[in-house]
Amino acid sequence: MANKAGRPKAKVNITVSEDEMASMLKCLDFTLGFSIQDLNDRLHDDDPRYLRIIANDMLLYARLREIRDSKYGGKNE
């Protein structure tokens with residue numbers, strides 16, 4: 001859904017269980033593992049879009065871990 005011009009993006013509250021949060025983190029970790037392995041090859045393409053995608057995934061992963069740690073305490077996987 002497109003954001004109307006001049007309208008700020010609204011935050012959304014989503015409730016997930018601890019197991020669902022762990023599953024999301026594992027999926028992102030898996031995806032990032034493949035992305036980072038492929039990063040060296042992609043750097044030679046001079047395509048900044050790929051770097052932006054990886055950076056956004058890393059930020060999402062870090063944010064979800066931060067939320068998980070604040071809610072359930074620091075848990076090592």
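Values for this structure:
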| read-out | value |
| --- | --- |
| Label assignment, Cα Rg over 2.2 N^0.38 Å derived from the structure, set (1) 1.01; (2) 1.37; (3) 2.27 | (2) |
| Cleavage-rule hits, trypsin sites (Lys or Arg not before Pro), segment 1-74, DSSP coil, Cβ neighbours within 10 Å at most 12 | Lys4, Lys9, Lys11 |
| Length-normalised contact order for the chain - Cα pairs under 8 Å, 6+ apart - percent | 36 percent |
| The chain - mean residue ellipticity at 222 nm from DSSP helices (-39,500 (n - 2.57) per run, n ≥ 4, rounded to 500) | -23500 deg cm²/dmol |
| Most fluctuating residue given options Asn56, Asn13, Asn40, as computed from a GNM of the chain linking Cα atoms under 10 Å | Asn13 |
| Most fluctuating residue given options Ile14, Ile36, Ile54, as computed from a GNM of the chain linking Cα atoms under 10 Å | Ile14 |
| Distance in nm between pseudo-label sites at Ser23 and Tyr50 (7 Å out along the Cβ direction from Cα) | 3.1 nm |
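No lab work stands behind these numbers, since they all come straight from the coordinates. The structure presented is a predicted model; accordingly, all values stated were derived computationally and were not measured. Every residue, glycine among them, receives a Cβ derived from its backbone with ideal geometry; neighbour counts consider all protein chains shown.
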